[in-house]
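Below is one structure, written out as structure tokens; comments come after it.
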Amino acid sequence: MLSTTVATMCAVTLFAPSSAAENGNANCENLPGNPSASGWTNYEELGKQLAQIEATSQGRVDVDVIGQSQRGRDIYAARVGTGDRVLLITSEIHGNEKTGTEAVLQMLKTLGSSGSPQAQLIRDNLTIVAVPKFNPDAAELNRRQNDFPWSEAVEKFPQLAGTNPPYYYSNGAQGFDVNRDFSAD
């Protein structure tokens, strides 16, 4: 009964409907007209909101820096729950996909501060690790790709000299689509 309730709660509150994966070479572009990012949580606000969630969670939410972006921005992860099953949730791997970050922050607020039996059940049975802004450089630019011109990539990795950028590099945006940078090799 307990595991069924937890599974149902997670399915209802944490998972979006699934869809078929696109070919790795799909035509994925930035949105036309550079739509406004106002009203969404930006990088500076993210750090403040995560600190507030952590401070008001009575020790239920733990926020850490798990790395830095190409431009030196911290990449945060927040952990809530003590269950044996671990659920990793990432958001904004494309910097112009803002809604997931808002959902992750709301989830952390709820699970971190709620005394409800449902929230306690989730915390007891799951350990949730959430990365609310996986690609902060692209998020600040409000575009799909990070900010890493090929010339800087070659400078940082001299072994790339004389090679062509990979298919997930955008010459127009001068950056990488980090969601396509998962190589089986």
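The values are calculated or read from the model by the stated rules, or taken from the named source; none is laboratory data. Because the structure is a prediction, the values reported are computed rather than measured. So basically every Cβ, Gly included, is an ideal-geometry build from the backbone, and we count neighbours across all protein chains shown. Protein only, heavy atoms only, side chains kept; ligands, DNA and RNA dropped before computing areas. Shrake-Rupley method; radii C 1.70, N 1.55, O 1.52, S 1.80 Å.
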Fill in: So Ile89, is it part of a strand (DSSP E or B) and touching a strand residue (DSSP E or B) at 6+ places or on another chain (Cβ under 7 Å)
yes
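Residues checked against (1) free of Cβ contacts under 8 Å to residues at least 40 places away in the same chain; (2) over 30 Å from Arg143 (Cβ atoms); (3) of a type outside the set (Lys, Arg); (4) in contact with a Cys (Cβ under 6 Å, 6 or more places away or on another chain):
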{"residue": "Val61", "(1), (2), (3), (4)": "no, no, yes, no"}
{"residue": "Ile75", "(1), (2), (3), (4)": "no, no, yes, no"}
{"residue": "Gly83", "(1), (2), (3), (4)": "no, yes, yes, no"}
{"residue": "Leu87", "(1), (2), (3), (4)": "no, no, yes, no"}
{"residue": "Thr90", "(1), (2), (3), (4)": "no, no, yes, no"}
{"residue": "Gly100", "(1), (2), (3), (4)": "yes, no, yes, no"}
{"residue": "Val104", "(1), (2), (3), (4)": "yes, no, yes, no"}
Discussion item. Residue under question is Val63, and the condition is that it be at pLDDT 95 or above, loosely packed, with under 12 Cβ neighbours inside 10 Å and β-branched (Val, Ile, Thr); does it hold?
Written reply: no
Discussion item. I'm trying to understand the selection: among the residues of the stretch 118-143, which are open to solvent by 10 Å² or more (accessible area, probe 1.4 Å), assigned to a helix (DSSP H, G or I) and closer than 9 Å to Gly95 by Cβ?
Written reply: Glu140, Leu141
Worksheet item: Yes or no: Ala153 touching a residue at least 40 places away in the same chain (Cβ under 8 Å), under 24 Å from the mean Cα position of the chain (by Cα) and surrounded by 15 or more Cβ atoms within 10 Å (Cβ to Cβ)?
Response: no
Response to the item:
Going through (1) surrounded by fewer than 15 Cβ atoms within 10 Å (Cβ to Cβ); (2) touching a residue at least 12 places away in the same chain (Cβ under 8 Å); (3) hydrophobic (A, V, I, L, M, F, W, C) one by one, Ala55 fails only at (2)
Worksheet item: In this structure, is Asp147 open to solvent by 30 Å² or more (accessible area, probe 1.4 Å) and closer than 14 Å to Gln70 by Cβ?
Response: yes
Worksheet item: Which one of these does Phe148 not meet: (1) in a strand (DSSP E or B); (2) at pLDDT below 95?
Response: (1)
